[in-house]
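Report on the structure given below.
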Amino acid sequence: MTELLAKTACDGLLSVTAGPFTLSEEPVAPLTSLMPYKGRDKALSAALEAAHGVKLPGVNRSTSKAGISVLWFGRGQFLLVGAGPDGSLAEHAAVVDQSDAWARVRLEGAGADQVLARLLPVDLRAASFKRGHTLRSPLGHMMASVTRTGVNAFSIAVFRSMAATLVHDLKTAMEGVAARG
Amino acid sequence: MRLPCPICGERDRREFYYRGAALALHRPDPDAGDEAWADYVHLRDNPAGVTRDLWYHEGGCSAWIVVTRNTVTHEVLGAELAEGAR
Ligand SMILES: [Zn+2]
């Protein structure tokens, strides 16, 4: 049988820099969507905490501990990042492996919110979008997940098939903001 | 134009897909008769004033919502999840 090589979503595309901005690929991590059954949010949160040390976040929020995080990921959806799901979660939620389905990148640099302001119709400035805040919004025409991970750092995910477009759009915006000095 | 998603908060119109009159929530019984079904499938009011429409928060949380707005003044009066709306 042919030997298949595992490649990350942004293989050969990243990292890139422009002015103060760096765009790099997030480290490969297990990704799992959790969709709690009706009325089971609290039970799922307790199971998550027991198994992975993190609770279920509220809307537009994320929780994280020791390299494992849970992002709010849409109506009735959460994304577990950084650990394979414990079997106990399936009792309370539909649990689906998403590990190879998303391209995830990290945008860093002073003024990174200005780069994203060129691409998303939401206010991601620190005054309204703090560390640990997350949201779903279109980046260009791609349905994205954006999380603030630091003072000048964002983690961004889109469907894997759109990795090259994501990198192109972000790189163009980074260069545009950098050119303004 | 901004729409108040009951889950995400106020968001730009480009994040939403427009479905049409919230009439779609009032599906007749299967045996309601041809007239009721023809009305449901084909006939729509075209109100000058307050109207209720179904929108899908496609670029955001993926919820279906019912938005109440005024077609004369362009005011957006409110929104609720379609799940609980009638
Ligand atoms: Zn929404």
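The values are calculated or read from the model by the stated rules, or taken from the named source; none is laboratory data. Remember, predicted model here, so these are calculated numbers, not experimental data. Cβ placement follows ideal geometry from the backbone for every residue including glycine, while neighbour counts extend to all protein chains displayed. Calculation scope for accessible area: heavy atoms of the full protein, side chains included, ligands and nucleic acids excluded. Shrake-Rupley method; radii C 1.70, N 1.55, O 1.52, S 1.80 Å.
Tabulated data for the structure shown
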quantity	calculated
Enumerated strands (runs of 3 or more DSSP E) restricted to region A:1-100, each holding at least 1 residues that are of a type in the set (Asp, Glu) and either modelled with pLDDT of 95 or more or at positive phi (or both)	A:21-25, A:93-97
Residue within region B:30-45 that is touching a strand residue (DSSP E or B) at 6+ places or on another chain (Cβ under 6 Å) and either free of Cβ contacts under 8 Å to residues at least 40 places away in the same chain or among the charged types (D, E, K, R) (or both) present	yes
Among (1) crowded, with 19+ Cβ neighbours inside 10 Å; (2) within 12 Å of the ligand (Cβ to nearest atom); (3) part of a strand (DSSP E or B) - the single one B:Cys61 does not satisfy	(3)
Subset tally (residues that are open to solvent by 30 Å² or more (accessible area, probe 1.4 Å) and either basic (Lys, Arg) or within 14 Å of another protein chain (Cβ to nearest Cβ) (or both)) for region A:54-83	8
B:Arg19 away from chain A (no Cβ under 14 Å) and either more than 30 Å from A:Met142 (Cβ to Cβ) or among the polar types (S, T, N, Q) (or both)	no
Residue selected from region A:96-110 under the condition buried (at least 18 other Cβ atoms within 10 Å of the Cβ) and of a type in the set (A, V, I, L, M, F, W, C), by the criterion farthest from the chain's Cα centre (by Cα)	A:Leu107
Any hit, region B:68-80, residues being within 14 Å of chain A (Cβ to nearest Cβ), modelled with pLDDT of 95 or more and within 14 Å of the ligand (Cβ to nearest atom)	yes
Some residue of region A:84-93 being open to solvent by less than 20 Å² (accessible area, probe 1.4 Å) and under 26 Å from A:Ala127 (Cβ atoms)	no
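So that you can scan it fast, the table gives a plain yes or no per residue for (1) away from the ligand (no atom under 16 Å from the Cβ); (2) open to solvent by less than 100 Å² (accessible area, probe 1.4 Å); (3) part of a loop (DSSP other than H, G, I, E, B):
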site	(1), (2), (3)
B:Leu3	no, yes, no
B:Ile7	no, yes, yes
B:Tyr18	no, yes, no
B:Ala24	yes, yes, no
B:Asp45	yes, no, yes
